[in-house]
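The values are calculated or read from the model by the stated rules, or taken from the named source; none is laboratory data. Everything numeric here is computed off the predicted structure, so don't read it as measured data. Every residue, glycine among them, receives a Cβ derived from its backbone with ideal geometry; neighbour counts consider all protein chains shown.
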Amino acid sequence: MRAGGFVTPSKGTYFSQVSFSTLRPYMLFRKKPAHNKLKMVIESAIGKAWGEYDGVMVSAGMLAHRYLVDPGVRHLRPYVEAGIGLIYTSFRIDGQGLHWNFNPQAGIGLEYLDTDNLRYFSSLRFHHVSNGGLDKDNKGINSIMLTFGRDI
């Protein structure tokens, strides 16, 4: 589950999303596995924004996920993550240009692995939404998002 709010252009818009993700070995651009502290998160989400801007949000993306401690630690494991995706918003802020946009993001998180190998996690992410100059109107949206989750 995710919840967040716009930082710019409007501090009066909030959103919540349900997301689905998987944590995998980082092998996207390599023929051999990367260091065991580096993983890949592949995720999708659907949600709703409300406030000054109101509408549906759907996204998909991938992030590099790097543990700051040995991944064999069974309790609290801090991590950093960064990546990019695509996002559709049914609303457009003034000057946004397109409904489909790029969605770079970066964050910090904390993970807990219990004795049954269930993974619980929480992260704080910074999101940016813009069309990367594909349209002459390219005003971006910046937001902060808090995520809570568990592997199922």
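Brief remarks follow.
- Residues of the range 58-84 satisfying the condition of being hydrophobic (A, V, I, L, M, F, W, C) and in contact with a Lys or Arg (Cβ under 7 Å, 6 or more places away or on another chain): Val69, Val80
- The range 39-53: number of residues that are more than 16 Å from the chain's Cα centre (by Cα) and surrounded by 17 or more Cβ atoms within 10 Å (Cβ to Cβ): 1
- When the residues of the range 98-123 are filtered to those that are surrounded by fewer than 19 Cβ atoms within 10 Å (Cβ to Cβ) and among the hydroxyl-bearing types (Ser, Thr, Tyr), the one that is farthest from Gly55 (Cα to Cα) is Thr115.
- Complete set of residues in the range 127-152 that are of a type in the set (Val, Ile, Thr) and free of Cβ contacts under 8 Å to residues at least 12 places away in the same chain: Ile152
- Count of residues meeting criterion [under 12 Å from the mean Cα position of the chain (by Cα) and of a type outside the set (A, V, I, L, M, F, W, C)] in the range 54-85: 6
- Per the listing Ser10, Ser16, the residue uniquely at pLDDT below 90 and more than 26 Å from Gly72 (Cβ to Cβ) is Ser10.
- Residue list for the range 131-146, filter: of a type in the set (Lys, Arg) and assigned to a strand (DSSP E or B): none
- Tally, over the range 141-152, of residues that are crowded, with 18+ Cβ neighbours inside 10 Å and closer than 22 Å to Thr89 by Cα: 4
- Residues in the range 96-152 that are more than 13 Å from the chain's Cα centre (by Cα), of a type in the set (Lys, Arg) and over 18 Å from Pro9 (Cβ atoms): Arg119, Arg150.
- Within the range 4-21, the residues that satisfy the criterion of being touching a residue at least 24 places away in the same chain (Cβ under 8 Å) and not in a strand (DSSP E or B) are Pro9, Ser10, Gly12.
- Residues that are of a type in the set (Lys, Arg) and surrounded by 15 or more Cβ atoms within 10 Å (Cβ to Cβ) were ranked within the range 74-97; the one that is farthest from Gly109 (Cα to Cα) is Arg92.
- Strands (runs of 3 or more DSSP E) within the range 41-130 that include 3 or more residues touching a strand residue (DSSP E or B) at 6+ places or on another chain (Cβ under 9 Å) and at pLDDT below 95: 55-67, 105-113, 119-129
- For the range 124-138, the set of residues classified as buried (at least 16 other Cβ atoms within 10 Å of the Cβ) and of a type outside the set (A, V, I, L, M) consists of Arg125, Phe126, His127, His128, Ser130, Asn131, listed by residue number.
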